[in-house]
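Step one of this worksheet: look at the structure below.
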Amino acid sequence: MTANSFEPPKPVVLPPRQRPVIAIDGPAGAGKSTLAAHLARTFGFLNLETGAMYRALALKAIENDFGFDEEEPLLNLATKTRIQLEPRRDANIVILDGIDVTRRIREKDVTSGASQISVHPRLRAWMVAQQRALGHAGGVVMEGRDIGTAVFPDAEVKIFLDAAPEVRGSRRYQQVPGTPDAPPVTETALIAEMRERDQRDRNRTESPLKPAPDAILLDSTNLTLDQVLVEAEKIVRSHIPAMK
């Protein structure tokens, strides 16, 4: 090999997984976290919320005064970052460099930052490698934007959970806690935010938000939560006979 040649690193070879993977993708506010937690409880799987990993990195960028537009500094920051997900019954405990940041990463500035950093191709590739390592043994429900297309394209079950942006914004509005120190958030503003995030997620260069070719589309626009959960259980059982 000459001094100017470049040899790419060898890919990490993970052992064959022992249990199935359930991949849930969809836009912001579709209810992926609720569905993933339910399926994990129902079938005895681990629930791994990959979006929390982007939020954790966005938080570290905020704390270190990093901008969200330049990929190289963010990628360097990522390689010096340790993000752990500790599954619990209803959600994940998120540990950033040894500190529990589970509550902090749900705040608006972090949510916005996570959406912005997720457009960077090499950063997404780094995240995908971390996520594959987390779920390589199987027996997990993973939810995000590109689980069925990029992280686990060979997942045994792929669900694309969607709903009209007006419905997603309205649902999110009903979940926003009231805080006396914060300015009120209007339902119209939340719907506009949903549309903006949809635009960014669906049009990014790397792993745009879209259903995998073999994903089952579950549109919850006109369904109750209970109906969504029942339909999702049917999908899992139809794809994994052992779950019946």
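The values are calculated or read from the model by the stated rules, or taken from the named source; none is laboratory data. Worth saying up front: this structure is predicted, and the values here are computed from it rather than measured. No Cβ is skipped: glycine too gets one built from the backbone with ideal geometry, and neighbour counts run over all protein chains shown. Keep in mind that these areas ignore ligands, DNA and RNA; they rest on the heavy atoms of the full protein, side chains included. Shrake-Rupley method; radii C 1.70, N 1.55, O 1.52, S 1.80 Å.
Given N residues in the range 105-175, what is its alpha carbon radius of gyration divided by 2.2 N^0.38 Å? Taking the Cα Rg and dividing by 2.2 N^0.38 Å, one obtains 1.29. Kirkwood radius, the range 133-244, all distinct C-alpha pairs, inverse of mean reciprocal distance: 16.1 Å.
For the range 182-244, the Cβ-based charge dipole about the Cα centre amounts to some 220 debye (Lys, Arg positive; Asp, Glu negative; other atoms uncharged). Where only DSSP H runs of four or more residues are counted, the chain gives -13000 deg cm²/dmol as its mean residue ellipticity at 222 nm, each run worth -39500 (n - 2.57).
Protein-only accessible surface at a 1.4 angstrom probe places the residues Thr205, Thr79 in the order Thr205, Thr79, largest first. Computing FRET efficiency as 1/(1 + (r/R0)^6) for Thr186 and Asp65, where r is the C-beta to C-beta distance and R0 is 45 Å, gives about 0.90.
Per the Debye formula with a single identical scatterer at each Cα and no solvent contribution, what log10 I(q)/I(0) holds for the chain at q = 0.15 Å⁻¹? Here log10 of I(q) over I(0) equals -1.10. Taken about its Cα centre, the chain carries a charge dipole of roughly 660 debye when the Cβ of each Lys and Arg holds +1 and the Cβ of each Asp and Glu holds -1.
Among residues other than Asp146 with Cβ under 13 Å from its Cβ, the summed charge is +4 (Lys and Arg +1, Asp and Glu -1).
Extension gain, Ala164 to Glu86, is 24.9 nm, computed as 0.36 nm per intervening residue step minus the present C-alpha separation. Full extension of the chain segment joining Thr221 with Arg122 gains 32.3 nm, where the gain is 0.36 nm per residue of separation less the Cα-Cα distance.
Bridgeable aspartates and glutamates around Lys234 (alpha carbons under 15 Å apart, same-chain partners fewer than 8 residues away excluded): Glu156, Asp219, Asp226. In this structure the amide hydrogen of Leu46, modeled in the peptide plane, comes within under 5 Å of the amide hydrogens of Val140, Val141, none closer than 5 places in sequence on its chain. Shape index of the range 29-148: Rg/Rh, with Rg the Cα radius of gyration and Rh the Kirkwood radius from the inverse mean 1/r over Cα pairs, equals 0.95.
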